[in-house]
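Throughout, read-outs are computed from the coordinates displayed, never taken from laboratory work. Please read these numbers as outputs of a predicted model, since none were measured by experiment. Neighbour counts are summed over all protein chains in view; Cβ atoms, including those assigned to glycine, are modelled from backbone coordinates with ideal geometry.
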Amino acid sequence: MNHKLTSSIIALLVVPPLLWAGNAVVGRMVNDLLPPATLNFFRWLIAFCILLPAGFRIYRRGSLFWRNWHRYAVLGLLGVGMYNTLQYLALRSSTPINVTLVAASMPVWMLLIGRLFFSAPISRSAVMGVLVSISGVLLVLSRGDLTHLMGLRLVLGDLLMLVAAIAWSLYSWLLMHGNDGDLRDHWATFLLAQVSFGVLWSGMFALAEWTLTTPVIHWNFALAAALVFVAVGPALIAFRCWGAGVRQVGPNVAAFFSNLTPLFAALLSALFLGDTPQLFHAAAFVLIVTGIFLSSRRN
């Protein structure tokens, strides 16, 4: 693993937050056109169809895909099924800026999960960074008034996004561990192994959505274009770049770049949704980035 941030690694890790910010904005734009779990299912079904011609050999008898099916089932649940479904659900009651700012707590969970489950050390400066980052997240959750935290009634979307951030953090660490052998030789085969199960998980969530509620889909050109974008950009391209970046520098360093997502989301929301960022968004962003900067320092 290379800890040095070269220009190519930086480019790899800047692309995902830009596309994820676009995913949050587009998800908010089409949330009245189809239900969130169904959106996630269609997204990954399209991605699966795109990946299949390039990676179908993983289904051959004796492939590591079958020997390690439980690993890819977990990766598909955390990275494809849970994270994206929870994000689209969060966008029903929260804004793209808030959702991506809450997701910016991800490096905190990266550190904690790394320590608890993968024996990754945490320095004293990292502890300081965690405290500063959490204060930034609390600033978002309190909508800028920290004195109201005791009586705060959290927006459901904010809580869902916290769960999603924890799921993605565990997913990122699991990417670093496991015997994937020749599946890693080509990015499409490794991603298809995850998406194969992820489509099943997201399909189950969509089935539950249609069973428990009465959703309606309003098909039009805008919805079709949105589905293509979220399948190709935030799904295939972002997952490809994130996986490659994590393998190069590790989850903790890569997690720093996820904090660019709120900045991109604020800019895209102002451009497409007319959402004006508030002062507490900027303050929270500064706190989170400062916290992660402290966390990345070594004693």
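Observations
- Cα pair distances of region 134-264 binned at 5 Å [whole percent]: 2, 7, 12, 17, 17, 16, 14, 10, 4, 1, 0
- Theoretical gain in end-to-end length, Trp69 to Val286 [0.36 nm per residue, Cα-Cα removed]: 74.0 nm
- Length-normalised contact order of region 1-135 in % [C-alpha pairs under 8 Å, at least 6 apart]: 31 percent
- Over the chain, relative contact order from alpha-carbon pairs under 8 Å, at least 6 apart, %: 42 percent
- Global form of the chain, assessed from the alpha-carbon gyration tensor, a/c cut-off 1.5: oblate
- Basic side chains Lys and Arg get +1 at the Cβ, acidic Asp and Glu get -1 at the Cβ, and with that the dipole of the chain about its Cα centre reaches some 740 debye.
- Sum of -39500 (n - 2.57) over DSSP H runs of 4+, divided by residues of the chain (222 nm, nearest 500): -22500 deg cm²/dmol
- Efficiency of FRET from Cβ geometry, Cys49 and Leu131, R₀ 51 Å, rounded to 0.05: 0.70
- Charge dipole (region 144-233, unit charges on Cβ, about Cα centre) - positive-most of Met176, Ile166, Pro215: Pro215
- Overall form of region 187-283 per C-alpha gyration tensor (a/c, 1.5; a/b vs b/c): oblate
- Förster radius 35 Å - calculated FRET efficiency between Ala270 and Ile122, Cβ distance, rounded to 0.05: 0.45
- Once the chain from Phe221 to Phe56 is taken as fully extended at 0.36 nm per residue, the excess over their C-alpha distance is 56.4 nm.
- Arranged from fewest to most other beta-carbon atoms within 10 Å of their beta carbon, Met106, Met176 become Met176, Met106.
- In terms of surrounding Cβ atoms within a 10 Å radius of their Cβ, Asp158, Asp185 rank from fewest to most as Asp185, Asp158.
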